[in-house]
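Enquirer: Sending over a structure as structure tokens; questions will come in a sec.
Bear in mind these aren't lab numbers, they're just calculated from the coordinates by the rules spelled out. Since we're looking at a predicted model, the values are computed, not measured. Using ideal geometry, Cβ is built from the backbone for each residue, glycine included, and neighbour counts are taken over all protein chains shown.
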Amino acid sequence: MKRNLVLMAALVAVVLVLSCGKARAQSAAGESWSSCTDSLCIDAPPQGPGGADGSGGWGWSNTAKAPVSVLTVGTASSFTVTVLDPTVQYCGSGDNLTITLTYSSYDFTLSSTDSRGSLGANPFDRGGVMTFTYSGDFLCHTDQSVAYSFTPMNPDLYALVTATVSVGGQQVSETFPVAILKPVKHR
């Protein structure tokens, strides 16, 4: 009897620990995170009142009055990377800027052509990576945005896309979480 009680108490403790861990993961999954240098960064998603905190990621939903946090399987979605360079230090430098997008190829497919008509390439022998290269005018703005088209492939409550910008020996990144759900069937 005591042995069964101890076993039951241990099982309840394990379930509680796992539940708490899952709750922490769910709350953390809704926020982006980034690395910046003193002169280069990627804009945050439109969080805060009215989405005023940024312009990156999946965008703003006027219907929900919040950043887009849920995508639907099979529906192409725009994903924006806004490079912040307040000193415009690379304008005319001859440097190329690359934006590398990494993601799970189970979660998404990515169009190899961006909103500027640039063609990306996967330099690796694995899926879920696409690198786009920019020069000239792209580097002559304090804030420069470019959009990419991702199509969600499978449901995943914790899908991630990471954008990494490299230029002139500097590298910064931003990771954007989003949930992917199955389409709602209407009866």
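Enquirer: If packing is taken as the average count of other Cβ atoms within 10 Å, what order do 178-185, 108-115 fall into, highest mean first?
Expert: 108-115, 178-185
Enquirer: Another question about this same structure. Please report how far the C-alpha centroid of segment 94-120 lies from that of segment 34-74, rounded to the nearest whole angstrom.
Expert: Comparing the Cα centres of segment 94-120 and segment 34-74, I get a distance of 18 Å.
Enquirer: Something else: Between C91 and A66, what is the spin-label point distance in nm, taking each point 7 Å from the Cα along the Cα→C-beta axis?
Expert: 3.9
Enquirer: Please state the charge dipole magnitude for segment 44-135, taken about the Cα centre, from unit charges on C-beta atoms (+1 on K and R, -1 on D and E), reported in debye and rounded to the nearest 20.
Expert: With Lys and Arg at +1 and Asp and Glu at -1, about 200 debye.
Enquirer: Between A121 and Y106, what is the spin-label point distance in nm, taking each point 7 Å from the Cα along the Cα→C-beta axis?
Expert: 3.0
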